[in-house]
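Data block below; observations after.
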């Protein structure tokens, strides 16, 4: 495999890479989703708590414009401000607090359940004029400008539609009594807010998948990075202890009984293991007694060593049997020839001979990669295992 191929970033980011990126502030972001949530919350609040706010503002207006002799003789600005705050502050807080909570929750959701402190840190590139010009006139800036124009077109169309349907109501304000005019204006404003919020929701549903795909592309990994991460995680004491415990749990279960019946095990060094047996009196072809990947495969290899079972590292055959045959079933007919050569080798070992490991030919139609996808180049895929 060439260096270019080894360094090509074609693998989706792992959970660890996503977590590490989140620690550095590289998380899924969608300003449109946050704006839509705030607009919907604001519209709902105005629809529910609007009358309360209007009553408070009306009372505040009455108190501000009504004077008596006591106010003339002893006028106090502090008292008036204090009274105004008592009337307006509760209504304002009932809107401000939910908006703040929605903003924080969206940050936690997009930040994979963590508060990304790095996003608050001062970064020189953010105030660097050259970096700003690059962002504005570079490819990314042009894309953002195009998105902005589309948003303006959509929201502008919604506002125009709202004006066309509400024009008669708006123009008619001032012709009735004050209470009716205020009610009509209030309902018109709420309908406009909800219409714009619906447009923002549409934009958010389009923007979120785009942002997700961009993040996935940005964090893609090469095969070498995948291997390095696996080595790093497997080398930590915590991971080793947890893995050994899982393997012990597996080894004491039904796998142990199946392994005692097995005659040999085929592995793909660390990821896959298949335990098989062949008894012509019981079945016409070899049977898969147990199969596993990851920790289960490691536990099966450990049991094979304890039981002194022949263990053969034949990656492509191990994957082919794993993906085509269930436990306690006969292998796929197309694999008879490949497994027969392995059986001959195992029987030779039991006779005390030391034959070379046979060359196993797996049909191209049954060649799988580690993720269970058919591959046209099994030799290259096997070298990656």
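The values are calculated or read from the model by the stated rules, or taken from the named source; none is laboratory data. Note that the structure is a prediction, hence the values are computed from the model and not measured. All Cβ positions, even for glycine, are placed from backbone atoms using ideal geometry, and neighbour counts span all protein chains on display.
Among the numbered criteria (1) free of Cβ contacts under 8 Å to residues at least 60 places away in the same chain; (2) over 16 Å from residue 263 (Cβ atoms), which single criterion is violated by residue 370?
(1)
Take the conditions under 25 Å from the mean Cα position of the chain (by Cα), assigned to a helix (DSSP H, G or I), at pLDDT 75 or above and surrounded by fewer than 16 Cβ atoms within 10 Å (Cβ to Cβ) and apply them to residue 213. Does it pass?
So residue 213 fits the description; yes.
Specify which of the listed residues (291, 282, 301) is in the same structural domain as residue 369 (by TED's automatic domain parsing) and either out of contact with any strand residue (DSSP E or B) (no Cβ under 7 Å at 6 or more places or on another chain) or modelled with pLDDT under 85 (or both).
Unique residue meeting the criteria: 282.
Being at pLDDT 90 or above and more than 25 Å from residue 226 (Cβ to Cβ) is the requirement here; does residue 310 meet it?
Considered against the rule, which asks whether it is at pLDDT 90 or above and more than 25 Å from residue 226 (Cβ to Cβ), residue 310 comes out as yes.
Return yes or no: is residue 335 out of contact with any strand residue (DSSP E or B) (no Cβ under 6 Å at 6 or more places or on another chain), surrounded by fewer than 16 Cβ atoms within 10 Å (Cβ to Cβ) and farther than 29 Å from residue 222 by Cβ?
Against the criterion (out of contact with any strand residue (DSSP E or B) (no Cβ under 6 Å at 6 or more places or on another chain), surrounded by fewer than 16 Cβ atoms within 10 Å (Cβ to Cβ) and farther than 29 Å from residue 222 by Cβ), residue 335 does not qualify.
Please go through the range 362-378 and pick out each residue that is in a helix (DSSP H, G or I) and either out of contact with any helix residue (DSSP H, G or I) (no Cβ under 8 Å at 6 or more places or on another chain) or modelled with pLDDT of 85 or more (or both).
Of everything in the range 362-378, those that are in a helix (DSSP H, G or I) and either out of contact with any helix residue (DSSP H, G or I) (no Cβ under 8 Å at 6 or more places or on another chain) or modelled with pLDDT of 85 or more (or both) turn out to be 364, 365, 366.
Only one of 256, 251 is closer than 21 Å to residue 296 by Cβ, surrounded by 14 or more Cβ atoms within 10 Å (Cβ to Cβ) and modelled with pLDDT under 60; which?
Exactly one residue qualifies, and that residue is 251.
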